[in-house]
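K.L.:
Pasting a structure here, questions to come.
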Amino acid sequence: QVQLVESGGGLVQPGQFLTPSCAASVVFFSFYVMSWYRRTSGKERVWVAMIESSGGGRVYEDSVKGRSNITRDNDKNKVYLQMRKLKPEDTDVYYCNADRRWPWGQGTQVTVSE
């Protein structure tokens with residue numbers, strides 16, 4: 001069974017940056033389009049960013065566009081979300097997945113607060 005392990009969140013002040021990462025225990029990781037999602041307690045997960053299998057194409061949700069950069073390392077089975085100029089409204093638990101096809105990991109908490 002595929003396991004997803006997110007890490008790299010934390011508590012930061014507005015304007016700072018974080019780079020959450022996600023490790024996937026899956027064969028042929030490089031075949032999959034990977035995405036990051038976020039969820040506020042009690043709500044559905046919403047999509048944040050996507051990166052194509054080769055790492056070439058990337059798409060972002062409007063609220064993070066221009067402040068985030070999704071990357072991947074297919075040799076390490078990892079995907080990253082560099083988040084810059086963080087705002088309090090970015091506070092959430094962040095998850096990765098491949099089109100929601102795998103069991104969700106525990107996520108990583110990002111908190112932006114003074």
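K.L.:
Could you tell me what a quarter of the Cα convex hull surface of the chain works out to, in nm² with one decimal place?
P.N.:
Averaged projected area of the chain's Cα convex hull equals 6.5 nm².
K.L.:
In percent, what relative contact order does segment 59-114 have, based on Cα pairs under 8 Å that are 6 or more apart in sequence?
P.N.:
27
K.L.:
Rounded to the nearest 20 debye, what is the charge dipole size of the chain about its Cα centre when +1 sits on each Lys and Arg Cβ and -1 on each Asp and Glu Cβ?
P.N.:
Details: 15 positive and 12 negative charges, 13 e Å.
Dipole magnitude for the chain comes out near 60 debye.
K.L.:
R0 = 22 Å: FRET efficiency of Arg58 with Arg101, Cβ-based, nearest 0.05?
P.N.:
That gives a FRET efficiency of 0.70.
K.L.:
If you roll a 1.4 Å probe over the chain with all protein chains in place, what percent of the accessible area is carbon or sulfur?
P.N.:
It is 49 percent, rounded to a whole number.
K.L.:
Let me ask you something else. With every protein chain present, what is the per residue accessible area of segment 14-114 (1.4 Å probe, Å²)? All intermediate terms of the calculation are to be shown ahead of the outcome.
P.N.:
Numbers: 5370 Å² over 101 residues.
Averaged over the residues of segment 14-114, the accessible area is 53 Å².
K.L.:
Could you grab the relative contact order for segment 1-108? Cα pairs under 8 Å, six or more apart, rounded to a whole percent.
P.N.:
Details: 231 pairs, mean separation 40.1, N = 108.
Reported relative contact order: 37 percent.
K.L.:
What residue among Arg38, Arg101, Arg84 shows peak mean-square fluctuation when the chain is described by a Gaussian network model with Cα springs under 10 Å?
P.N.:
Arg101
K.L.:
Of the candidates Ser25, Ser68, Ser41, which one comes out as most mobile in a Gaussian network treatment of the chain with C-alpha springs shorter than 10 Å?
P.N.:
Sorting by GNM fluctuation, first place goes to Ser41.
The values are calculated or read from the model by the stated rules, or taken from the named source; none is laboratory data. This structure is a prediction, so every number in the text was calculated from the model and none was measured. Neighbour counts run over all protein chains shown; Cβ positions are idealised from the backbone, glycine included. Just so you know, the surface numbers come from the protein's heavy atoms only, side chains and all, with ligands and any DNA or RNA stripped out. Shrake-Rupley method; radii C 1.70, N 1.55, O 1.52, S 1.80 Å.
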